[in-house]
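Novice: Okay, here's the structure, questions in a sec.
The values are calculated or read from the model by the stated rules, or taken from the named source; none is laboratory data. Note that the structure is a prediction, hence the values are computed from the model and not measured. Neighbour counts run over all protein chains shown; Cβ positions are idealised from the backbone, glycine included. Areas reflect the complete protein model, heavy atoms only, side chains present, ligands, DNA and RNA absent. Shrake-Rupley method; radii C 1.70, N 1.55, O 1.52, S 1.80 Å.
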Amino acid sequence: MTVLELLDYAGVAVFAATGALAASRKQLDVIGFLFLAAATGVGGGTFRDVVLGAVPVFWVVKPAYLLVCIGVGLVVYFTAHLFESRYRMLLWLDAVGMSAYSVMGAAKGFAATGSPTVAVTTGVMTASVGGILRDLLAGEPSVLLRPEIYVTAALSGASVFTAASVAGAPLVLASAAGVLAAFAVRGGALRYGWRIPVYKPRPGRHPDDVM
Amino acid sequence: MTVLELLDYAGVAVFAATGALAASRKQLDVIGFLFLAAATGVGGGTFRDVVLGAVPVFWVVKPAYLLVCIGVGLVVYFTAHLFESRYRMLLWLDAVGMSAYSVMGAAKGFAATGSPTVAVTTGVMTASVGGILRDLLAGEPSVLLRPEIYVTAALSGASVFTAASVAGAPLVLASAAGVLAAFAVRGGALRYGWRIPVYKPRPGRHPDDVM
Amino acid sequence: MTVLELLDYAGVAVFAATGALAASRKQLDVIGFLFLAAATGVGGGTFRDVVLGAVPVFWVVKPAYLLVCIGVGLVVYFTAHLFESRYRMLLWLDAVGMSAYSVMGAAKGFAATGSPTVAVTTGVMTASVGGILRDLLAGEPSVLLRPEIYVTAALSGASVFTAASVAGAPLVLASAAGVLAAFAVRGGALRYGWRIPVYKPRPGRHPDDVM
């Protein structure tokens, strides 16, 4: 198993766990756990493969990814009550998955096109899709809209990986650097509430008050 | 017309009707009816074709599917006021469409890959996408998050069809068994409020209370 | 640069601006601006390319589209505070982008299939996806569900372009007529509150009151 395959399975597994934790918060039944685990686990990679034209997508080619999601979903189903705060657990696992996917997405995009711009974009988008999809399906407030840094962390991971790859670093080194960069930024945001100040903040009014 | 084509048109037509009923609940204009009818009608199949790499997707190849959605949307536009409860009608038609699609999705996935795991997954996901999309577009509470069984019904249909196909049953028989299984489970959930008990239920707190 | 490429860049740029304006309303950081600008800017075209099977999608083939989104996102980041009403600006730019995409989507669908039905559908869906995606990602009330005409405007643009093309009009003329038709209808809706009366309006009750 290559380093990229390892990252891919890791990303799928931890995103699957966050989907199952969201199912637990919504008190769904066991099949609801498995559904959200699978959708969140493979969501980001499905998006990546589709826009790059790598179809059938990865989990159709290798169904083992689905079995990973189902296994993780079952484990969470029987253990979710043990966590004091499922939402904090969800956020930290999401940080791990996002870090793995920011590199995986960039690596696939770079391999397919050779364009650093595309690599960084597929990295950021792939890393974000899993969480977006989970929050939409579970009716949770979107992790993207929380004040702490999120997309910036994905951007850090994708950029560091891409820059290292362009500079000729070995794949395993570029991958490790990218994952660490993304996780350091997101972890700092979760632990210390890091946020980037907004240039001229002003809250939006409700559409009905504007029209 | 084969049994699968028949199922496909049936799934598209009844999902289109649920989209139009959602448009009626939101008091959209006639074009809004047609838009939600088309998006809901072809949403599930579009997702299925894209992940399997069967592009251009089915309604681009056979535009007749779109004409079915438009016809159904118009009929609902002029008759929606006749139903005492449009939402109950929506749920029952959704049950029919979901049953048809759980088999159609499994059949296409099985034909494309030969993997039972993939077949069951494409069955469940295809069956769920139409309703998810409709609820997102129309701003309705997601049918997935209601306490009655939903995903489990789609899983029943896809599993029965796939098991029968693996066992060598003729296509028409496997399809009928799958559709009936899905509809029986979902119908029971709608009629009698069937639900699967949750292992250790505990409602999720709001993210702001956790962080 | 052909007239269609021009329309495409224009659609991407103005949709990107609406995404950045939504980011401003939500007080996101600069990277949040760029993310919403890129997702909204390329969302409609990504959907169009995927259903037509034109993968890898356009921005993977030509990364310049992404640079346009980033440039626009930065400009909006530093200027959003200058607009008295960002939401009105968002709606008017959305009208421009929707008009451009209703023609672009129809043109690509017509070129790929020769079917007027498919052309009108890809036109309407492509034109709507950008705004739908932006509103979902930013947690804004969907522009589709506002009472003023929206989908009808996209339908006008796609239909006029397709009819003119079928009638043999030169591409540049058919495009101009389509864009003007869409923008006239949507502009009138924004300026004068145009709406199509509903046949038998009746608000939907909450699901919990129905079941």
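Novice: Return the residues of segment C:88-103 that are buried (at least 21 other Cβ atoms within 10 Å of the Cβ) and among the aromatic types (Phe, Trp, Tyr); say none if nothing qualifies.
Specialist: C:TYR101, the sole residue that qualifies.
Novice: Turning to a different aspect of this structure: What are the residues in segment A:76-118 that are within 10 Å of chain B (Cβ to nearest Cβ) and of a type in the set (Ser, Thr, Tyr), if any?
Specialist: A:TYR77, A:THR79, A:SER85, A:TYR87
Novice: A further question follows. For B:THR121, indicate whether it is closer than 18 Å to A:CYS69 by Cβ, touching a Leu at 6+ places or on another chain (Cβ under 6 Å) and open to solvent by 10 Å² or more (accessible area, probe 1.4 Å). Write out each step before concluding.
Specialist: Working: closer than 18 Å to A:CYS69 by Cβ: yes; touching a Leu at 6+ places or on another chain (Cβ under 6 Å): yes; open to solvent by 10 Å² or more (accessible area, probe 1.4 Å): yes.
In short, yes.
Novice: Give the residue, chosen from C:ALA10, C:ALA54, that is more than 10 Å from chain A (Cβ to nearest Cβ), among the small types (Gly, Ala, Ser) and open to solvent by 10 Å² or more (accessible area, probe 1.4 Å).
Specialist: Exactly one of C:ALA10, C:ALA54 is more than 10 Å from chain A (Cβ to nearest Cβ), among the small types (Gly, Ala, Ser) and open to solvent by 10 Å² or more (accessible area, probe 1.4 Å), namely C:ALA10.
Novice: Which pairs turn up if I take residues in segment A:77-93 that are in contact (Cβ under 8 Å) with a residue 12 or more places away in the chain and under 16 Å from A:ALA10 (Cα atoms) and look for partners that are of a type in the set (A, V, I, L, M) and open to solvent by 20 Å² or more (accessible area, probe 1.4 Å) with beta carbon separation below 7 Å, at least 6 apart in sequence or on another chain?
Specialist: What qualifies is A:LEU93/A:VAL14.
Novice: Then there's this: Within segment A:31-51, can one find any residue that is farther than 18 Å from A:VAL124 by Cα, surrounded by fewer than 24 Cβ atoms within 10 Å (Cβ to Cβ) and free of Cβ contacts under 8 Å to residues at least 24 places away in the same chain? Outline the logic, then answer.
Specialist: Restricting attention to segment A:31-51, the residues satisfying the condition of being farther than 18 Å from A:VAL124 by Cα are A:31-39.
Okay, now just the ones that are also surrounded by fewer than 24 Cβ atoms within 10 Å (Cβ to Cβ), so A:31.
Then drop every residue that is not free of Cβ contacts under 8 Å to residues at least 24 places away in the same chain, which leaves A:31.
Yes, because at least one residue in segment A:31-51 is farther than 18 Å from A:VAL124 by Cα, surrounded by fewer than 24 Cβ atoms within 10 Å (Cβ to Cβ) and free of Cβ contacts under 8 Å to residues at least 24 places away in the same chain.
Novice: Separate question: Please go through segment B:59-75 and pick out each residue that is more than 10 Å from chain C (Cβ to nearest Cβ) and crowded, with 19+ Cβ neighbours inside 10 Å. Outline the logic, then answer.
Specialist: Taking segment B:59-75 as the starting set, the residues that turn out to be more than 10 Å from chain C (Cβ to nearest Cβ) are B:68, B:71-75.
Listed by number, the residues that qualify are B:VAL68, B:VAL72, B:GLY73.
Novice: Quick check on B:GLY187: is it more than 24 Å from the chain's Cα centre (by Cα) and open to solvent by less than 50 Å² (accessible area, probe 1.4 Å)? Working first, answer last.
Specialist: Values: more than 24 Å from the chain's Cα centre (by Cα): no; open to solvent by less than 50 Å² (accessible area, probe 1.4 Å): yes.
Answer is no for this residue.
Novice: Still on this model: Show me the helices (runs of 4 or more DSSP H) entirely contained within segment B:1-93 in which 3 or more residues are modelled with pLDDT under 90 and of a type outside the set (Gly, Ala, Ser).
Specialist: Values: elements: B:3-25, B:30-52, B:58-61, B:64-79.
Because the criterion is at least 3 residues that are modelled with pLDDT under 90 and of a type outside the set (Gly, Ala, Ser), the helices (runs of 4 or more DSSP H) in segment B:1-93 that meet it are B:3-25.
Novice: Looking at (1) within 9 Å of another protein chain (Cβ to nearest Cβ); (2) hydrophobic (A, V, I, L, M, F, W, C); (3) within 19 Å of the chain's Cα centre (by Cα), can you tell me which one B:ILE31 breaks?
Specialist: Tallying (1) within 9 Å of another protein chain (Cβ to nearest Cβ); (2) hydrophobic (A, V, I, L, M, F, W, C); (3) within 19 Å of the chain's Cα centre (by Cα), B:ILE31 fails exactly one: (3).
Novice: Taking the stated definitions as given, is B:LEU155 open to solvent by 40 Å² or more (accessible area, probe 1.4 Å), touching a Ser or Thr at 6+ places or on another chain (Cβ under 9 Å) and closer than 13 Å to B:PHE15 by Cα?
Specialist: Numbers: open to solvent by 40 Å² or more (accessible area, probe 1.4 Å): yes; touching a Ser or Thr at 6+ places or on another chain (Cβ under 9 Å): yes; closer than 13 Å to B:PHE15 by Cα: no.
Against the criterion (open to solvent by 40 Å² or more (accessible area, probe 1.4 Å), touching a Ser or Thr at 6+ places or on another chain (Cβ under 9 Å) and closer than 13 Å to B:PHE15 by Cα), B:LEU155 does not qualify.
Novice: Here's a follow-up. Is one or more of the residues making up segment A:89-106 of a type in the set (A, V, I, L, M) and over 16 Å from A:PHE183 (Cβ atoms)? Walk me through how you get there before you give the answer.
Specialist: Going residue by residue through segment A:89-106, those that are of a type in the set (A, V, I, L, M) are A:89-91, A:93, A:95-96, A:98, A:100, A:103-104, A:106.
Still in the list and also over 16 Å from A:PHE183 (Cβ atoms): none.
No, there is no match, as no residue in segment A:89-106 is of a type in the set (A, V, I, L, M) and over 16 Å from A:PHE183 (Cβ atoms).
Novice: Please enumerate the residues belonging to segment B:136-150 that are surrounded by fewer than 20 Cβ atoms within 10 Å (Cβ to Cβ) and not aliphatic (A, V, I, L, M).
Specialist: So the first thing to find is which residues in segment B:136-150 are surrounded by fewer than 20 Cβ atoms within 10 Å (Cβ to Cβ), and the list is B:136, B:139-142, B:145-147.
If the condition is that a residue be surrounded by fewer than 20 Cβ atoms within 10 Å (Cβ to Cβ) and not aliphatic (A, V, I, L, M), then B:GLY139, B:GLU140, B:PRO141, B:SER142, B:ARG146, B:PRO147 are the ones that fit.
Novice: Within segment C:142-159, is even one residue hydroxyl-bearing (Ser, Thr, Tyr), more than 26 Å from C:LEU21 (Cβ to Cβ) and modelled with pLDDT of 95 or more?
Specialist: Applying the first criterion (hydroxyl-bearing (Ser, Thr, Tyr)) to segment C:142-159 yields C:142, C:150, C:152, C:156, C:159.
Pick out the ones that are also more than 26 Å from C:LEU21 (Cβ to Cβ) and you get C:159.
This time we only want the ones that are modelled with pLDDT of 95 or more, so: C:159.
Checked segment C:142-159: at least one residue is hydroxyl-bearing (Ser, Thr, Tyr), more than 26 Å from C:LEU21 (Cβ to Cβ) and modelled with pLDDT of 95 or more.
Novice: Can you pull out every residue in segment B:201-211 that is open to solvent by 100 Å² or more (accessible area, probe 1.4 Å) and closer than 17 Å to B:LEU145 by Cα?
Specialist: B:ARG205
Novice: Taking the criterion of being within 14 Å of chain B (Cβ to nearest Cβ) and of a type in the set (S, T, N, Q), would at least one residue in segment A:160-172 satisfy it? Walk me through it before giving the result.
Specialist: Taking segment A:160-172 first, the residues within 14 Å of chain B (Cβ to nearest Cβ) are none.
No, the conditions are met nowhere in segment A:160-172.
Novice: Next up: Filter segment B:119-134 for residues that are facing chain A (nearest Cβ under 9 Å) and within 19 Å of B:GLY168 (Cβ to Cβ) and give the result. Reasoning before the result, please.
Specialist: The first filter runs over segment B:119-134 and keeps only residues facing chain A (nearest Cβ under 9 Å), leaving B:120-122, B:124-125, B:128, B:132.
Across segment B:119-134, the qualifying residue is only B:VAL120.
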